[in-house]
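Written out below as structure tokens is the structure these notes cover.
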Amino acid sequence: MKNNTLIKLPIKNIIILFAVLILSTQIYAQSEVAPQTVITVDEAIHQALNNSRRMESLYTNTQIAEYRYKSSGKLNNPELRYKEETPKRFFDNFNEHRIGIRWQPPRIGELSEDRQQARVEVWDRKVNEIRYRHQLIARVRRSYTSVIMYDMLADLEKQRLALEDERIKVINQMVTLGRRSVVYQTKARMWHAESQNDYLRAVQNKKMARRKLARRCGIDENIRLTAYDTDLPVISVDMDSLSTLAFLNRPEIKLVKQRIRLAEKQKFYETMKLIPWPSFVEYSYRFDRDKVFYDWDESREKNRELRVGINLPIFDWNIGNIKATRLAVKRKEGQSEAIKESIENEVRDAFAIYSDLLLDWQNYSKDARELIADAMSIITEAKVHQTLMPDEVNEMELTLIETRTLLARKRRNLAHALIDLCYTLGLESSDRLK
């Protein structure tokens with residue numbers, strides 16, 4: 001009996017252990033989150049913004065400036081002052097002290113200038129944050145469209161390589177039958193070698209583009225992207241409306257407005273220095289510590305003291321600073337016009353590039369679609385009714401591959417031009433341009 005129990009016990013333990021392992025594996029598989037297999041361009045942008053350390057740093061800098069802005073433009077705290085006025089002679093029979101409050105009032109316009117200076121610091125950092133955000137979004141969109149194009153080019157080059165393999169077989173058969181010369185065999189091998197190199201280059205470009213997007217967004221290199229629509233939004237807005245839209249959305253315009261306002265407040269503050277203004281206000285009370293509870297009503301009036309210091313602009317009229325701030329206002333206004341002109345030139349150049357590529361895309365895509373449709377019908381008819389030579393059918397199929405390749409490149413270039421135009425307009429997407 002003892003031997004039987006010793007034999008059965010390990011078997012039971014093994015069965016129980018095996019069941020526990022199976023159960024734990026199923027529980028882990030159910031609890032494990034399935035990896036993401038498809039990602040949209042908006043999701044890629046969201047990932048890139050969350051993973052960008054520079055974006056986080058710029059946002060923190062803006063927060064620091066906003067907290068400092070909340071503490072700006074405040075009145076100075078008063079100063080509590082104490083003085084012991086007891087004589088140092090031992091035969092004097094009194095122990096006097098003086099306690100008071102001293103406060104330095106701000107000059108006219110001083111608090112407003114200080115607060116506006118803090119507001120300019122906020123917008124200075126906001127411009128860096130917003131423009132880097134727009135730049136990062138534009139880069140992700142460009143990388144996303146490039147990956148889609150390189151995926152298409154790799155597939156097209158793979159099809160082209162298969163067609164080149166087929167052409168070599170067809171040419172060899174036709175040379176054997178005497179329908180083509182040996183020259184066609186040499187050309188077919190050369191075209192095949194070129195096609196093989198193009199395919200390897202396309203695969204390499206695909207890997208590099210995917211690696212770049214994955215590194216920027218923190219995603220898997222092999223994740224599948226959603227194909228873009230065939231038709232991009234056609235911008236029907238005129239140039240003046242685009243410039244107005246850029247002036248409303250570009251943060252540089254808001255920053256220069258805040259700087260002009262700061263220069264105006266500085267001019268007002270320097271001008272107000274010509275007015276006599278209290279430099280300090282002090283109120284104090286003198287008392288005898290030993291007699292503080294005696295003769296209070298009789299002595300409290302004579303023990304109070306109010307002191308005021310007034311700054312009189314007699315020798316320095318602050319003329320230099322006043323003239324300097326006036327010139328500063330004009331300079332800031334000139335900078336505002338210069339920034340508007342620079343932004344308008346950026347928009348004009350980006351819109352010109354987009355319009356040129358859009359016209360090229362519209363004309364070529366229309367002709368290419370007609371060419372592809374006609375070639376497909378001819379190829380189908382030739383394969384059925386033998387109306388063309390086999391190598392001619394193969395040549396038309398290769399022509400379709402080249403046409404689709406050029407379409408993909410032109411589509412990518414037009415998408416990049418639209419992305420660049422949105423960046424110059426201060427927009428994160430082209431939705432407002434539809």
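The values are calculated or read from the model by the stated rules, or taken from the named source; none is laboratory data. This one's a predicted model, so the numbers in the text were calculated from it and none came from an experiment. Reconstructed Cβ throughout: ideal geometry from the backbone, glycine too, with neighbour counts over all protein chains shown.
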**Study point:** Unmet criterion (only one of (1) at pLDDT below 95; (2) surrounded by 14 or more Cβ atoms within 10 Å (Cβ to Cβ); (3) farther than 30 Å from I310 by Cα) for K273
**Key:** (3)
Review point. Across region 389-434, what is the total count of residues that are outside any helix (DSSP H, G or I), under 23 Å from H134 (Cβ atoms) and not basic (K, R)?
Key: 5
Exercise for review: Could you please find all residues in region 376-394 being free of Cβ contacts under 8 Å to residues at least 12 places away in the same chain and closer than 13 Å to M174 by Cβ?
Suggested key: L388, E392
Point to revise | Residue list for region 236-270, filter: touching a residue at least 12 places away in the same chain (Cβ under 8 Å), part of a loop (DSSP other than H, G, I, E, B) and surrounded by fewer than 18 Cβ atoms within 10 Å (Cβ to Cβ) | key: V237
Check your understanding: Taking the condition under 30 Å from A417 (Cβ atoms) and either among the acidic types (D, E) or surrounded by fewer than 18 Cβ atoms within 10 Å (Cβ to Cβ) (or both), does E157 pass?
Key -> yes
Exercise for review: Please identify the pairs in which a residue from region 51-62 that is over 9 Å from E129 (Cα atoms) has its Cβ atom under 7 Å from the Cβ atom of a residue that is modelled with pLDDT of 95 or more and of a type in the set (A, V, I, L, M, F, W, C), counting only partners at least 6 apart or on another chain.
Suggested key: S52/L136
**Study point:** Filter pass, N197 being part of a helix (DSSP H, G or I) and either under 22 Å from T405 (Cα atoms) or without any contact (Cβ under 8 Å) to a residue 12 or more places away in the chain (or both)
**Key:** yes
Practice item. Go through region 17-48 residue by residue and tally those that are under 21 Å from R224 (Cβ atoms) and either modelled with pLDDT of 60 or more or among the aromatic types (F, W, Y) (or both). Key: 13
Exercise for review: Considering each of S365, S342, S336 in turn, give the residue that is within 30 Å of K257 (Cα to Cα), touching a helix residue (DSSP H, G or I) at 6+ places or on another chain (Cβ under 7 Å) and among the polar types (S, T, N, Q).
Suggested key: S336
Check your understanding: Does I219 fit the bill of being within 30 Å of A162 (Cβ to Cβ), among the β-branched types (V, I, T) and in contact with a strand residue (DSSP E or B) (Cβ under 8 Å, 6 or more places away or on another chain)?
Key -> no
**Study point:** Scan of region 225-283 for residues that are more than 22 Å from H134 (Cα to Cα) and small (G, A, S), ordered by number
**Key:** A227, S236, A263, S279
Check your understanding: Among the residues of region 137-173, which ones are under 35 Å from the mean Cα position of the chain (by Cα) and of a type in the set (S, T, N, Q)?
Key -> S143, T145, S146
Study note, to complete from the structure: Note on region 209-235: residues within 14 Å of I39 (Cβ to Cβ) and in a loop (DSSP other than H, G, I, E, B) are G218, I219, D220, E221, N222, I223, T226, A227, Y228
Review point. What residue, of R68, R107, R102, R115, is assigned to a loop (DSSP other than H, G, I, E, B) and among the basic types (K, R)?
Key: R107
Practice item. Kindly indicate the residue of region 388-434 that is within 18 Å of S146 (Cα to Cα) and touching a Lys or Arg at 6+ places or on another chain (Cβ under 6 Å) and also surrounded by the fewest Cβ atoms within 10 Å (Cβ to Cβ) among those meeting that condition. Key: H416
Point to revise | Residues located in region 205-227, provided they are within 19 Å of L49 (Cβ to Cβ) and either of a type in the set (A, V, I, L, M, F, W, C) or surrounded by 18 or more Cβ atoms within 10 Å (Cβ to Cβ) (or both) | key: L213, A214, R216, C217, I219, I223, L225
